[in-house]
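In what follows, a structure is listed as structure tokens, so that the remarks can point back to it.
The values are calculated or read from the model by the stated rules, or taken from the named source; none is laboratory data. These numbers come from a predicted model, not from an experiment. Here the Cβ is made from the backbone with ideal geometry for all residues, glycine too, and neighbour counts use every protein chain on show. Only protein heavy atoms, including side chains, enter the accessible area calculation; ligands, DNA and RNA are left aside. Shrake-Rupley method; radii C 1.70, N 1.55, O 1.52, S 1.80 Å.
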Amino acid sequence: YDIAISERSLINLNNLEEQGIAIDQIHRVLKSGGQYLMLETSKQGIERLSFYRQKFNLSPIKVPWHNLPIDDEWLFAYTKDKFAHIQTVFFDTYFLITRILHPLYVAPEQPSYRNKLNVIASQISKQIPDYNGEMSQIKLHILEKE
């Protein structure tokens, strides 16, 4: 295949070994030069976002029991001999607005994902570049089979 995509699916595997097997299978079916677009929840992104949320007395992001967010450090070490890392796309602006600003704005009520502020966050994030990926709960890694 020329392209393989995972969208928040590897996080539903039980452990790093299973995530590694899935990545190996994706690598196996890609042509040389094929790209793997990996849109997955980031362990480090959740940790950093939770760190900033706590500065505003917001609770940490809770990872659902059935998810194992991708450990970015593990990912890059695991894939370094399989794929060239082309780019990582971050969504800091969106998560800053939806996971910090929105909860603060509606407190003490709980934020609603249907709130117009989330739509506005999406529009803003398309116009304002993300800065460093520090608060991106979800990351898009673009990898290319060598």
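One entry in (i) -1.06, -1.19, -1.33; (ii) -1.06, -1.14, -1.21; (iii) -1.19, -1.32, -1.44 is log10 I(q)/I(0) by the Debye sum over Cα atoms at q = 0.18, 0.19, 0.20 Å⁻¹ calculated from the shown coordinates; its label is (ii). Longest segment of the chain with no chymotrypsin sites (Phe, Trp or Tyr not before Pro) in a DSSP loop having at most 10 other Cβ atoms within 10 Å? So the longest stretch without any such site is 1-64. The Cα center of region 49-86 and the Cα center of region 119-133 differ in position by 19 Å. Nonpolar atom fraction for region 36-97, defined as the carbon and sulfur part of the 1.4 Å probe accessible area, stands at 60 percent. The angle between the Cα long axis of helix 43-54 and the main principal axis of the chain comes to about 10°, on a 0 to 90 degree scale. Computed about the Cα centre, the dipole magnitude for region 1-133 is approximately 460 debye when only Lys and Arg (+1) and Asp and Glu (-1) carry charge, each at its Cβ. Straight-line reach from K80: taking Cα to Cα under 27 Å and skipping same-chain neighbours fewer than 8 places apart, the lysines in range are K31, K43, K139, K145. Among the trypsin sites (Lys or Arg not before Pro) in region 21-94, those placed in a DSSP loop whose Cβ has at most 12 other Cβ atoms within 10 Å are K31, K55, K62, K80. Look at the dipole of region 47-109 built from charges on Cβ: of F90, N67, S50, the Cα furthest out on the positive end belongs to S50. Based on protein heavy atoms only, region 38-83 ends up with 59 Å² per residue of surface accessible to a 1.4 Å probe.
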